[in-house]
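Bear in mind these aren't lab numbers, they're just calculated from the coordinates by the rules spelled out. If you're wondering where the values come from, they're calculated on a predicted model, not measured in any experiment. With ideal geometry, Cβ positions are generated from the backbone for all residues, glycine too; neighbour counts draw on all protein chains shown.
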Amino acid sequence: MAMAERTLGARSAPARYDTTSRVFHWLTVALVLAAAALGLWIAHAKPADSIKLTLYNLHESIGVTIGLVTLARLLWRLGHPPPPLPEDLPKILKLAARANHSAFYLWLLVMPVLGFIATNAWGFPLTWFGLVPLPDPIGKNVPLAEMVTFAHRLMAWSLIGMIVLHVSAALWHQFVRRDGTLRKML
Ligand code: HEM
Ligand code: HEM
């Protein structure tokens with residue numbers, strides 16, 4: 001059925017991502033937007049705000065979930081490669097799209113690891129959504145915490161830049177180039 005859909009659709013519109021890949025994509029979008037919003041809220045909340053500890057727990061638990069979802073998504077992708085980019089897209093833009101997608105995967109794997117190291121090194125081991133205590137293999141280490149938090153922040157801001165670029169590209173494909181790229185993910 002899926003094959004038939006692809007073959008039939010090939011003449012009029014590009015093949016879509018399979019359902020699981022589309023679910024992974026939009027689940028990741030929701031989780032990343034939530035983690036980023038909470039991260040920025042934490043950065044601006046005063047240390048005395050009573051909600052701050054809850055914000056940390058939510059941010060970090062969602063972040064760990066993003067890491068796990070990304071691992072599962074990459075494993076799924078191995079057996080379910082994405083549909084091709086538009087054939088007539090200039091080579092440089094194909095390269096940019098691939099670089100953007102690969103960087104997303106790398107960022108979404110590395111950021112949770114850095115966040116996890118940071119919170120342990122600050123001396124606040126994480127209990128996932130207040131339910132599952134996670135290991136604390138590092139112990140308190142403030143100089144390490146400062147370094148890793150800095151790297152996590154740099155990655156957070158570059159991730160936000162990558163999202164702006166990615167969404168602008170999706171809108172350009174949809175409204176300027178009108179090549180059906182957005183539909184592949186809907
Ligand atoms: C992909 C997942 C994640 C994203 C997108 C993300 C995003 C962010 C953002 C936007 C900030 C604020 C940056 C700033 O201060 O300007 C932040 C801070 C932080 N994040 Fe994450 N984060 C993620 C995962 C995690 C995880 C898994 C943990 C810990 C287990 C974590 C721990 C922290 C900590 C400790 C801070 C510093 C907050 C502060 O005291 O200022 N993050 N993150
Ligand atoms: C947190 C925000 C987002 C992240 C982290 C993200 C991540 C990704 C990744 C990793 C891929 C590559 C999938 C693969 O081939 O393996 C992708 C593809 C795609 N994304 Fe997003 N995305 C985000 C938001 C959005 C939004 C808001 C839109 C729509 C406006 C969108 C539209 C698309 C489309 C159309 C593709 C397919 C591109 C193609 O076929 O070349 N994404 N996204």
Open item on the list: Using a 7 Å offset from Cα along Cα-Cβ at HIS166, what residues in the stretch 67-88 end up with backbone N under 12 Å from the label point?
Closed with: 70
Task: Nearest-20 debye value, the chain charge dipole, Cβ charges on Lys, Arg, Asp, Glu - done: 580 debye
Task: Selected from THR65, PRO86, MET111, residue furthest toward positive end of dipole (the stretch 59-114; charges at beta carbon) - done: PRO86
TODO: Run through every distinct alpha carbon pair of the stretch 15-185 and return the Kirkwood hydrodynamic radius in angstroms, one decimal place.
DONE: 17.6 Å
Task: In Hz, Karplus ³J(HN,Hα) per residue of the stretch 28-42 (6.51, -1.76, 1.60; θ = phi - 60°; x = Gly, Pro) - done: 4, 4, 4, 5, 5, 5, 5, 4, 5, 4, 5, x, 5, 4, 4
Task: Point-to-point label distance, SER102-LEU186, nm (Cα→Cβ direction, 7 Å offset) - done: 3.0 nm
Open item on the list: Expected output is a single nm value to one decimal: the length gained when fully extending between LEU78 and LEU95, i.e. 0.36 nm times separation in residues minus the C-alpha distance. What is it?
Closed with: 4.1 nm
